[in-house]
1. Kindly state which helices (runs of 4 or more DSSP H) lie completely within segment A:115-211 and contain at least 3 residues that are of a type in the set (Ser, Thr, Tyr) and farther than 22 Å from A:LYS104 by Cα.
2. Within the bounds of segment A:129-143, is there any residue that is away from chain B (no Cβ under 14 Å), more than 24 Å from A:TYR238 (Cβ to Cβ), of a type outside the set (D, E, K, R) and touching a Phe, Trp or Tyr at 6+ places or on another chain (Cβ under 8 Å)?
3. Looking at A:GLN111 and the list (1) within 14 Å of chain B (Cβ to nearest Cβ); (2) out of contact with any Lys or Arg (no Cβ under 6 Å at 6 or more places or on another chain), which single condition is not satisfied?
4. So which residues in segment A:96-120 are within 10 Å of A:MET130 (Cβ to Cβ) and among the hydroxyl-bearing types (Ser, Thr, Tyr)?
5. With a cut-off of at least 1 residues that are more than 21 Å from the chain's Cα centre (by Cα) and β-branched (Val, Ile, Thr), name the helices (runs of 4 or more DSSP H) lying wholly within segment A:45-107.
6. What is the residue count in segment A:42-54 for residues that are surrounded by 14 or more Cβ atoms within 10 Å (Cβ to Cβ) and over 18 Å from A:SER22 (Cβ atoms)?
7. Assess whether A:SER89 counts as being within 14 Å of chain B (Cβ to nearest Cβ), touching a residue at least 40 places away in the same chain (Cβ under 8 Å) and either hydroxyl-bearing (Ser, Thr, Tyr) or surrounded by fewer than 16 Cβ atoms within 10 Å (Cβ to Cβ) (or both).
8. Does A:ALA171 satisfy being away from every other protein chain (no Cβ under 14 Å), hydrophobic (A, V, I, L, M, F, W, C) and surrounded by 18 or more Cβ atoms within 10 Å (Cβ to Cβ)?
Amino acid sequence: MATVIVVTSGKGGVGKTTTSASFATGLALRGYRTVVIDFDVGLRNLDLIMGCERRVVYDFINVINNEANLNQALIRDKRVENLYILPASQTRDKDALTKEGVEKILNELKQTFDYIVCDSPAGIERGALMSLYYADEALVVTNPEVSSVRDSDRILGILASRSQRAEQGDAPVKEHLVLARYAPDRAYRGDMLTIQDVLEILGIPLLGVIPESQAVLQSSNAGVPVILEEGSDAGAAYADLVDRFLGKDLPHRFIEIPKKGFLKRLFGGG
Amino acid sequence: MGLFDYFRPSPRPTTTTAALAKERLQIIVAHERGSSRRGSPEYLPALKKELLEVVRKYVPIDQSQVKVHLDREGGFEVLEFNITLPDEDHRPPASP
């Protein structure tokens, strides 16, 4: 049975699409048939982050409206086996996303895929609500910053009250925290909320900490999910996150201050 | 930075901006959860409406005089109803 996972946050720009791209790529690398769906109708970007923007012909809304079938709209990733992308429509209105339409497509995808990753748009409007409605699990992407944490808390409230699982009284959506853009040195200095602070406020289990990293922008420039950038800190953090999601018990990395030489620490500079 | 930084005993004095951020967040999040999150079951508005109707059979009150509050403390949930009855003098005579 396929698992539907929504990547959500409420606030924009915190790393939802980056996380969706790397998470889906990671699942596929580990042998699971994975599809990642862009729910951001009108502002699609997952295709750019995945590097397949020039291969988009049909989109999610075309399939909902029976203007194309799923196989025509699904883009097969050229680097990773078992990985497919379903792009959002760039031209349609987000009202085109209906509960029935989304359900129909998810049911069809469930026949062939192990994991369906739904990349939510920012906000709490239709696209965001549709992306989380059918979710079994949720990755809540949060930055250690006041507005992001508050918005994440709102999203947790919506997952607990407006998802299909909540409406039908089934087991609740399983929530995972992804703390992105974390800078251990700033947290140490008291200039940034610590991991512990965010966990205390949101009260959901931590799946992964992604360090603030130059690799994220560089890989998006190239259209390569950062998890494929071997040797990068953010890429390694996403790889750990995927393994943890699949049940491995791994310690969190990149959460300590990078060690500096004694003299450099003593005399500053840095 | 530098020398003093290295010997600073506690990494998190309570006056840092991060400590302030945490405090503000705890307050606003607790407040907002009170009205929506996990706290508020779906049936609450309906319960409030029915309760209002029952009380109205005996005392004339309106919507704004009923306050419903759900609190969580540890493992307990406390559902609190607060109904403000009008003053004795202002109460219209009960209909027969």
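The numbers here are math on the coordinates, done by the rules we state, and not lab data. These numbers were taken from a predicted model, which means no experiment stands behind them. Here the Cβ positions follow ideal geometry from the backbone for every residue, glycine too, while neighbour counts run over all protein chains shown.
1. Because the criterion is at least 3 residues that are of a type in the set (Ser, Thr, Tyr) and farther than 22 Å from A:LYS104 by Cα, the helices (runs of 4 or more DSSP H) in segment A:115-211 that meet it are A:146-162.
2. Scanning segment A:129-143 turns up at least one residue that is away from chain B (no Cβ under 14 Å), more than 24 Å from A:TYR238 (Cβ to Cβ), of a type outside the set (D, E, K, R) and touching a Phe, Trp or Tyr at 6+ places or on another chain (Cβ under 8 Å).
3. Of everything listed in (1) within 14 Å of chain B (Cβ to nearest Cβ); (2) out of contact with any Lys or Arg (no Cβ under 6 Å at 6 or more places or on another chain), A:GLN111 misses just condition (1).
4. A:THR98, A:SER120
5. Values: elements: A:46-50, A:60-64, A:70-73.
In segment A:45-107, A:60-64 are the helices (runs of 4 or more DSSP H) which contain 1 or more residues that are more than 21 Å from the chain's Cα centre (by Cα) and β-branched (Val, Ile, Thr).
6. Count: 1.
7. Criteria not met by A:SER89.
8. In short, no.
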